[in-house]
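Just so it is clear, none of the values below were taken in a lab; they were calculated from the coordinates. Note that the structure is predicted; figures quoted are calculated from it, not measured. Backbone-built Cβ (ideal geometry, glycine too); neighbour counts: all protein chains shown.
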Amino acid sequence: MNERPLILISNDDGYQAKGIAALVDMVRKFGDVFVVAPDAPRSGASMGITAHDPVRNKLIKEEPGLTVWSCSGTPDDCVKMAFEVLLPRRPDLVLGGINHGNNCAVNAHYSGTVSIAFEGCIKQVPSVAFSSGYLQADADFEGMRPVVEKVVAYVLEHGLPKGVCLNVNAPAAQTFQGIKVQRMGMGDWHEEWQEAQHPHGWNYYWIAGYYAPFDPQDRTSDTWAFDHGYVAITPLQLDLTAYEAMNELKILQE
């Protein structure tokens with residue numbers, strides 16, 4: 001009954017990334033921290049799992065209040081591994097991040113960082129994904145500290161609705177206009193594949209391109225808030241059912 005909260009943290013940039021180190025530092029005052037993170041970058045892994053190769057774990061650090069493991073699998077593997085194999089007990093909170101790069105709008109579907117929150121949500125543990133607009137490996141995430149502390153304190157005290165996790169995106173800045181609770185924006189990627197020619201004569205491709213919202217002026221979206229200097233918090237849910245379409249489709253039952 002007197003145990004400190006146990007906070008599980010993972011990411012998709014690898015356990016050595018500055019973003020995850022910053023997140024660990026920001027939340028240690030709230031409880032004991034247990035990190036299980038990929039041994040190398042796994043950006044864009046979404047909720048992918050390792051099905052055809054063995055997965056290995058390595059203990060990186062163990063000290064009072066902090067344990068760090070690396071895992072050869074995906075971000076989702078890391079969370080599954082933590083729950084099934086590595087954690088000493090069930091965590092009170094699951095956190096993903098801090099990601100180097102935002103995960104606003106439909107990009108949340110591709111994100112390994114958001115998948116961590118979804119997997120925690122599946123395990124019925126309150127879960128939050130934190131992302132920053134900073135892309136640099138040596139980025140300074142200190143400006144996010146008040147936001148992280150505010151969100152973590154709230155979730156530890158109040159929890160989250162069943163089947164709901166939070167997607168938190170902060171601009172690349174040290175101060176923000178404020179916090180806005182927004183819906184997931186809609187948009188698409190353009191010119192995604194960059195073509196190049198190999199010296200042996202065949203073409204190959206790098207994923208690249210740029211993201212564009214369908215409606216840049218929609219003030220209700222996370223993208224709008226992020227682009228205008230606000231931290232965007234979007235509650236996401238596991239249930240993907242399109243309930244409004246169900247009645248129309250019931251004609252198929254006849």
Practice item. Could you pull out every residue, at least 5 positions away or on a different chain, whose amide H is within less than 5 Å of the one on Arg42? Hs are placed 1.01 Å off N in the peptide plane, and Pro or chain starts have none. Key: Asp13, Gly14
Study note, to complete from the structure: The farthest towards the positive end of the charge dipole of the stretch 1-114, of the residues Ser10, Ser46, Cys78, given +1 on Cβ of Lys and Arg and -1 on Cβ of Asp and Glu, is Ser10
Check your understanding: How long is the chain along each principal axis, judged by its Cα atoms, biggest number first, in Å?
Key -> 55, 51, 49
Revision key, fill the gap. Which residues qualify? For Tyr230, with a placed amide H closer than 5 Å and at least 5 residues away or on another chain, they are Gln177
Check your understanding: Looking at the square roots a ≥ b ≥ c of the eigenvalues of the Cα gyration tensor of the stretch 85-221, which shape do they give, rounded for a/c under 1.5, prolate if a/b is larger than b/c, or oblate?
Key -> prolate
Review point. Can you give the % of DSSP beta bridges in the stretch 1-147 that are antiparallel, to the nearest 5?
Key: 25 percent
Point to revise | Burial order of peptide ranges 227-234, 42-49, 67-74 (average beta-carbon count within 10 Å, highest first) | key: 67-74, 227-234, 42-49
Exercise for review: Could you point to the residue in Ile207, His158, His100 farthest towards the positive end of the chain's charge dipole, with +1 and -1 charges on the Cβ of Lys/Arg and Asp/Glu respectively?
Suggested key: His158
**Study point:** Convex hull projection area averaged over all views, the stretch 4-90, Cα basis, nm²
**Key:** 5.4 nm²
Practice item. Order the peptides 168-177, 154-163 from the highest to the lowest mean number of other Cβ atoms within 10 Å of their residues. Key: 168-177, 154-163
Practice item. Evaluate the charge dipole of the chain about its Cα centre and quote only its size in Debye, nearest 20, assuming +1 on the Cβ of each Lys and Arg and -1 on the Cβ of each Asp and Glu. Key: 780 debye
Study note, to complete from the structure: For the stretch 111-128, Karplus-derived ³J(HN,Hα) couplings (6.51, -1.76, 1.60; θ = phi - 60°; whole Hz; x for glycine and proline) come out as 6, x, 4, 5, 4, 4, 5, 5, 5, x, 5, 4, 6, 6, 10, x, 9, 9
Exercise for review: State to the nearest 20 debye the size of the charge dipole of the stretch 18-125 about its Cα centre, where the only charges are +1 on K and R beta carbons and -1 on D and E beta carbons.
Suggested key: 120 debye
Check your understanding: If one computes the Cα centroid of the stretch 4-37 and of the stretch 167-236, what distance in Å separates the two points?
Key -> 24 Å
Exercise for review: Return the percentage of antiparallel bridges among DSSP beta bridges fully within the chain, rounded to the nearest 5 %.
Suggested key: 40 percent
